[in-house]
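A quick write-up on the structure given underneath.
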Amino acid sequence: AQSVTQLDSHVSVSEGTPVLLRCNYSSSYSPSLFWYVQHPNKGLQLLLKYTSAATLVKGINGFEAEFKKSETSFHLTKPSAHMSDAAEYFCVVSLSGYSTLTFGKGTMLLVSP
Amino acid sequence: DAGVIQSPRHEVTEMGQEVTLRCKPISGHNSLFWYRQTMMRGLELLIYFNNNVPIDDSGMPEDRFSAKMPNASFSTLKIQPSEPRDSAVYFCASSTRGATDTQYFGPGTRLTVL
């Protein structure tokens, strides 16, 4: 079975400091991996997607994620947090042979002034 | 592109009433998904259509829930009769090439069953 674990339910940072949101997945195959963001009372929006090309994936709004097969991780980072980054972030995995995506439980990012 | 369109955005109803949620996917997308999001259970896939045909409905909670996709540009999710535990945000999403491709989400319908 495919699964994804977001290691933190909440992450708090100050504006201008780095962001790290952690995600681990379980897989016997090469996965496709996604990060989605959900702002309050909004639908989910794709941040970035990994599909076995470059291991470092750049997304929108300055976010990026690195695929590390040896660690089965796909952590999301941003060098400098902005107040508008406050939202919930979902790590999502898709495996060959499975017909659906598997969503993590989400990490709420709080950004203080 | 207008994106995925859902209606209504908010629905408040009383227990036992029928509720119909509507979705218009992005034009040209072949796959459509219905999700439910609650604080307790997170985001759950209810049903997935490909080329208007239901492919995976294993997430549909029970017989009170039904979904249809009569054509490529319209889908409905119906709950009859509704119960308070159905209160949630229901999202529709679409993609070009199936469940493992990038999915584009609508703004959601917030359902409250009293």
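Structural remarks
- Above-threshold pairs, the threshold being 19 Å between Cα atoms, out of A:LYS68/A:LYS105; A:LYS42/A:LYS78; A:LYS42/B:LYS24; A:LYS42/A:LYS105; A:LYS49/B:LYS24: A:LYS68/A:LYS105; A:LYS42/A:LYS78; A:LYS49/B:LYS24
- 9 Å beta-carbon shell around B:ILE47, net charge (K/R +1, D/E -1): -2
- The H on the amide N of B:SER73, modeled in the peptide plane, is under 5 Å from the matching H of no residue at least 5 residues off or on a different chain.
- Label-point separation in nm, B:THR96 to A:SER14, each point 7 Å along Cα→Cβ: 4.4 nm
- Counting beta carbons within 10 Å around each of B:PHE74, B:PHE49 and listing the fewest first gives the order B:PHE74, B:PHE49.
- Computed from point charges on the beta carbon alone (+1 for Lys and Arg, -1 for Asp and Glu), the dipole magnitude for chain B about its Cα centre is near 240 Debye.
- Charge tally for A:ASN24 (other residues, Cβ to Cβ under 11 Å; Lys, Arg +1; Asp, Glu -1): +1.
- Highest-MSF residue in chain B out of B:LEU32, B:LEU21, B:LEU45 [GNM, Cα springs under 10 Å]: B:LEU45
- Distance between the 7 Å Cα→Cβ label points at B:MET40 and A:LYS58: 4.5 nm.
- Residue exposure sequence - A:ASP8, B:ASP63 - by fewest surrounding Cβ within 10 Å: B:ASP63, A:ASP8
- Whole-Hz ³J(HN,Hα) from phi, Karplus 6.51 cos²θ - 1.76 cosθ + 1.60, for segment B:41-57, glycine and proline x: 10, x, 9, 10, 7, 8, 7, 9, 10, 10, 6, 6, 9, x, 9, 9, 10
- Each residue of chain B gets 92 Å³ once the volume of the Cα convex hull is shared out per residue.
- Charge sum, other residues only, whose C-beta stays under 11 Å from A:GLY59's C-beta, Lys/Arg counted +1 and Asp/Glu -1: +2
- Segment B:75-82 - phi-based ³J(HN,Hα) in whole Hz, Karplus 6.51/-1.76/1.60, Gly and Pro as x: 9, 10, 10, 10, 10, 8, x, 7
- Sorted by Cβ neighbour density within 10 Å, fewest at the top, the residues B:SER66, A:SER9: A:SER9, B:SER66
- GNM result for chain B, Cα springs below 10 Å: residue of B:MET69, B:MET15, B:MET40 fluctuating most strongly: B:MET40
- When only Cα pairs below 8 angstrom with a gap of at least 6 residues are kept, segment B:7-114 shows a relative contact order of 37 percent.
- In sequence order, calculated HN-Hα J values of segment A:63-70 (Karplus, 6.51, -1.76, 1.60; Hz; x Gly/Pro): 7, 8, 9, 10, 7, 10, 5, 5
Values in this text are rule-based calculations from the coordinates and carry no lab data. No experiment lies behind these values; they were computed from the predicted model shown. Glycine also receives a Cβ, built like all others from the backbone with ideal geometry; neighbour counts cover every protein chain displayed.
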